[in-house]
Every structure is written in structure tokens, then in C-alpha cells.
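Student: One structure, pasted below without further comment.
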Amino acid sequence: MAENPAYPVGLRLTGRKVVVLGGGQVAQRRLPALIAAGADTVLVSPEATPSVEAMADAGELTWHKRPYEEGDLADAWYALIATGDKEANTRASAEAERHRVWCVRSDDADAATAWTPATGHSEGVTIAVLTTDARGRDPRHTAAIRDAVVEGLRDGTLVAPHHRTRIPGVALVGGGPGDPDLITVRGRRLLAEADVVIADRLGPRDLLAELPPHVEVIDAAKIPYGRFMAQEAINNALIEHAKQGKSVVRLKGGDPYVFGRGMEELQALAEAGIPCTVVPGISSSISVPGAAGIPVTHRGVAHEFTVVSGHVAPDDERSLVDWPSLAKLTGTLVILMGVDKIGKIAETLVAHGKSPDTPVALVQEGTTAAQRRVDATLATAAEAVLAHEVKPPAVIVIGEVVTVGPNPSA
């Protein structure tokens with residue numbers, strides 16, 4: 001066989017017959033992509049793995065429960081030969097050659113007329129990596145290259161600008177609790193493609209340093225408010241930049257809809273006729289306790305957890321929280337934005353039946369390099385905040401789960 005590089009091509013298999021010989025692990029890995037491609041898939045094998053059998057039961061392929069026979073590849077467009085019988089594989093490969101059917105062999109790549117590339121997908125793009133010639137075939141190496149390219153496209157570290165006209169609009173992106181690695185793959189990709197990023201101070205700041213030089217980064221806290229309320233000014237900034245035909249990302253901490261005013265921004269954009277995409281983020285209400293070794297639920301300890309905003313005190317007429325009812329719950333209470341109100345909160349919970357000895361953990365700057373945890377009780381929480389100079393942003397966890405971990409004072 002000539003030692004020339006393989007010629008890469010994308011096969012359009014919709015409605016076209018593809019034959020797979022063998023129902024083992026190779027078939028289990030390859031069949032889903034053939035089915036997704038719309039191929040008329042025929043499996044020939046006396047046995048199959050449970051996963052392959054399930055595909056047949058679901059009607060995704062036709063299964064002939066027998067060994068390979070001469071003529072099985074007639075009218076096929078593509079064949080995958082993956083039986084454990086080398087002699088049968090050789091005969092099937094010869095039949096494929098006679099019928100001019102492109103054929104992959106799992107047992108002998110050099111005897112095949114086609115190779116299966118290492119493939120991956122990212123936002124409508126398929127990445128396929130092939131070794132350049134038969135002498136140096138290294139499936140692990142090609143898979144590693146595939147993984148690196150796909151990961152780079154997904155997380156934004158490998159930027160491939162769109163050259164066709166993009167539809168301008170706004171993406172409300174939840175940046176997660178602070179660690180830049182905890183933003184979603186989609187959120188990171190949208191950041192890499194943005195023209196303008198309007199960022200909260202609680203968003204993952206390290207990601208902003210990775211943006212290309214042409215991206216305009218606007219600190220939401222520094223937008224000139226003038227006669228507007230702060231949120232109204234942010235809404236106007238989003239609308240203004242989007243109307244200029246730019247791709248805008250509103251980068252928020254945590255999740256856009258968990259005390260993030262995401263819906264207010266979406267409503268303003270909808271009224272202005274601007275398309276908006278919402279990308280959920282990992283909420284600090286769960287991730288920060290987890291990073292500090294605290295499970296918000298634990299078997300035999302807490303079967304529920306409640307997330308509450310503590311930005312207004314329990315005795316404030318603006319408060320929408322039913323603190324007396326919360327005091328009666330036996331599960332975990334997670335409070336966001338409540339550091340400066342923890343004294344009043346603890347006092348109210350105790351007054352309505354919560355034990356003053358209920359464990360409390362305050363986790364400052366969770367998931368970041370500056371993370372620290374301070375443990376207390378409802379009776380001592382306010383004093384602990386002052387003594388340890390706990391500052392926002394911090395997540396407060398109240399309940400027995402605080403003591404579940406092996407080293408609660410770490």
C-alpha cells in the first residue's frame with residue numbers, strides 16, 4: 001500500500017447503507033455517530049453489548065444476529081469491520097474492495113481503505129484529526145490533539161473569529177463563584193467572542209485579562225449613573241452597545257437569576273427588541289460551601305437547603321423573607337449578602353426557636369485563592385464577624401452540615 005497521507009473527507013451518510021460487522025466495544029463507540037449522521041445502519045453480529053442491543057431494540061439500527069456472510073456489503077456505502085474473527089475480517093475487507101466500499105478495520109488499519117479520525121464537536125463545528133501516514137499511526141496522540149483543539153474552542157483559549165456577519169445581541173453569562181475555571185464552557189466561549197463585556201465586581205476577574213485587546217471591558221460599578229438608578233444605567237448600557245451591532249456579554253457572579261437581577265436586564269432588552277441569551281452559572285450558594293468542605297445536604301443530617309438573601313435585615317420593612325418560618329426548618333440555611341446583617345439574622349432565628357448553639361460557617365471569597373472559613377454558632381456569629389474581620393463577598397451556612405466534614409475548623 002502506498003505510504004501517502006490519507007485524504008480527509010466528510011461523508012454524508014443520510015439514508016445511505018452502512019454495514020457494521022461485530023457488536024462489541026468498537027461498534028458501541030462508533031455506532032452513535034453513524035446513527036446521528038442519519039445512516040441506514042445494519043449490524044451483522046451473533047452477539048452485541050447491552051448498549052448496542054439497546055440501540056437495536058430502539059429501532060436505531062437493523063441487527064442480523066449471525067456471523068458475516070459473503071454479500072453482506074452489497075449496496076453499502078461504508079463499512080466498519082470489527083469482529084474478533086480475523087479470517088472473517090479479511091474476507092469482508094476483500095468484499096468491500098470488490099464493491100468499492102470504503103472500509104475501516106479495527107484489527108488491521110494498514111489493510112483498510114479508510115481510517116476513522118479522532119473527532120469532536122464545538123458549536124456546529126466538527127474537528128477531525130488523522131495521523132498523516134500509516135507508519136506513525138498513534139491513536140492516543142491524535143485523540144490528544146483533538147481534545148486540545150475542542151477544549152480550546154469551548155473555553156475560549158483558542159479563538160476562531162467568525163468572518164460572516166454575526167447577529168448582535170446580549171448574553172447574560174453567569175460567571176460562577178469566583179474561580180475562573182468554574183465558569184461554564186459556553187460562558188467562556190461567548191466571552192472570547194464578545195466585542196463588549198460589562199462585568200460585575202463579583203464576576204471572575206481573571207478571565208477579563210485573557211480577553212483580546214479589541215474587547216471593550218466596562219466595569220458595571222463605574223458606569224456613570226447620572227439621573228438613572230444603577231440598574232437602569234446598566235440596562236441602558238447593554239441596549240446602547242447592542243444597538244451598535246456589537247456582541248455584548250453581561251458577566252455576572254454566580255448565576256444570573258440567583259439574586260443577580262438577570263430577569264430585570266432580560267426584560268429591558270426584550271422591550272428594546274434586542275435578542276438575549278441566558279447562560280446559567282454555578283451559584284455560590286452551593287459551590288462555596290462545597291469548596292469549604294460543607295455539603296448543603298447530607299444523608300441523615302439535612303434533607304433540604306434554603307437559599308436566602310440577607311441584604312436587608314429581618315426587621316426591615318422591605319424584607320420579603322419569612323424568617324420565623326425559616327427558624328422552624330431542620331435543614332440547611334444558606335445566606336448570601338448577609339455579612340453585615342448576621343447579628344440581626346441570628347437574633348431573629350433564635351427568637352423564633354432556633355437553638356443558639358446551631359453551627360454557623362462564614363466562607364469569605366469562596367473558591368478563590370483568598371478563600372477563608374470562620375466557624376461560629378448563632379450565638380457567636382456576629383462577634384466572629386467582627387473578631388475575624390469577615391468582609392463581603394461571603395456565604396453564610398447555618399445548620400448541622402457545618403460540622404459534617406472531617407475538619408470543620410480548617
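Student: Determine which member of the set 197, 217 is of a type in the set (Val, Ile, Thr), modelled with pLDDT of 85 or more, buried (at least 16 other Cβ atoms within 10 Å of the Cβ) and outside the structural domain of residue 371 (by TED's automatic domain parsing). Can you show your working first?
Tutor: On the way: 217 fails: buried (at least 16 other Cβ atoms within 10 Å of the Cβ).
Result of the check over 197, 217: 197.
Student: Next up: Scan the stretch 373-387 for residues that are surrounded by 15 or more Cβ atoms within 10 Å (Cβ to Cβ) and over 16 Å from residue 287 (Cβ atoms) and jot them down.
Tutor: Answer for the stretch 373-387, where residues must be surrounded by 15 or more Cβ atoms within 10 Å (Cβ to Cβ) and over 16 Å from residue 287 (Cβ atoms): 374, 375, 376, 377, 378, 379, 380, 381, 382, 384, 385.
Student: Looking at 290, 338, 343, 310, which one is farther than 21 Å from residue 370 by Cα and within 29 Å of the chain's Cα centre (by Cα)?
Tutor: Working: 290 fails: farther than 21 Å from residue 370 by Cα; 338 fails: farther than 21 Å from residue 370 by Cα; 343 fails: within 29 Å of the chain's Cα centre (by Cα).
Result of the check over 290, 338, 343, 310: 310.
Student: Of all the helices (runs of 4 or more DSSP H) wholly in the stretch 1-99, which have at least 1 residues that are touching a residue at least 40 places away in the same chain (Cβ under 8 Å) and touching a Lys or Arg at 6+ places or on another chain (Cβ under 7 Å)?
Tutor: Of the helices (runs of 4 or more DSSP H) lying wholly inside the stretch 1-99, those with at least 1 residues that are touching a residue at least 40 places away in the same chain (Cβ under 8 Å) and touching a Lys or Arg at 6+ places or on another chain (Cβ under 7 Å) span 86-99.
Rundown of residues vs (1) in contact with a His (Cβ under 9 Å, 6 or more places away or on another chain); (2) free of Cβ contacts under 8 Å to residues at least 24 places away in the same chain; (3) over 15 Å from residue 288 (Cα atoms); (4) assigned by TED's automatic domain parsing to the domain that holds residue 310, yes/no style:
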residue: 344; (1), (2), (3), (4): no, no, yes, yes
residue: 353; (1), (2), (3), (4): no, no, yes, yes
residue: 356; (1), (2), (3), (4): no, yes, yes, yes
residue: 360; (1), (2), (3), (4): no, no, no, yes
residue: 366; (1), (2), (3), (4): no, no, no, yes
residue: 375; (1), (2), (3), (4): no, no, no, yes
residue: 394; (1), (2), (3), (4): no, no, no, yes
residue: 398; (1), (2), (3), (4): no, no, no, yes
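Student: Are any residues in the stretch 355-376 assigned to a loop (DSSP other than H, G, I, E, B) and in contact with a strand residue (DSSP E or B) (Cβ under 8 Å, 6 or more places away or on another chain), and if so, which ones?
Tutor: So the first thing to find is which residues in the stretch 355-376 are assigned to a loop (DSSP other than H, G, I, E, B), and the list is 355-358, 365-371.
Result: 356, 357, 358, 365, 366, 367, 370, 371.
Student: Which condition breaks for residue 386 when tested against (1) in a helix (DSSP H, G or I); (2) hydrophobic (A, V, I, L, M, F, W, C); (3) touching a residue at least 24 places away in the same chain (Cβ under 8 Å)?
Tutor: (3)
Student: Moving on. Criterion first (more than 28 Å from residue 346 (Cα to Cα), over 19 Å from the mean Cα position of the chain (by Cα), at pLDDT 95 or above and not polar (S, T, N, Q)) does residue 269 satisfy it?
Tutor: Yes: the conditions hold for residue 269.
Student: Quick test of your reading of the structure: residue 16 fulfils all but one of (1) touching a strand residue (DSSP E or B) at 6+ places or on another chain (Cβ under 8 Å); (2) under 24 Å from residue 84 (Cβ atoms); (3) surrounded by 16 or more Cβ atoms within 10 Å (Cβ to Cβ). Name the failing condition by number.
Tutor: With respect to (1) touching a strand residue (DSSP E or B) at 6+ places or on another chain (Cβ under 8 Å); (2) under 24 Å from residue 84 (Cβ atoms); (3) surrounded by 16 or more Cβ atoms within 10 Å (Cβ to Cβ), residue 16 is out only on (2).
Student: Going residue by residue through the stretch 53-76, is there one that turns out to be of a type in the set (Phe, Trp, Tyr) and under 17 Å from residue 115 (Cβ atoms)?
Tutor: Taking every residue of the stretch 53-76 in turn, none turns out to be of a type in the set (Phe, Trp, Tyr) and under 17 Å from residue 115 (Cβ atoms).
The values are calculated or read from the model by the stated rules, or taken from the named source; none is laboratory data. As the structure is a computational prediction, the values presented were derived from the model and not from experiment. Cβ: placed from backbone, ideal geometry, glycine included. Neighbour counts: every protein chain shown.
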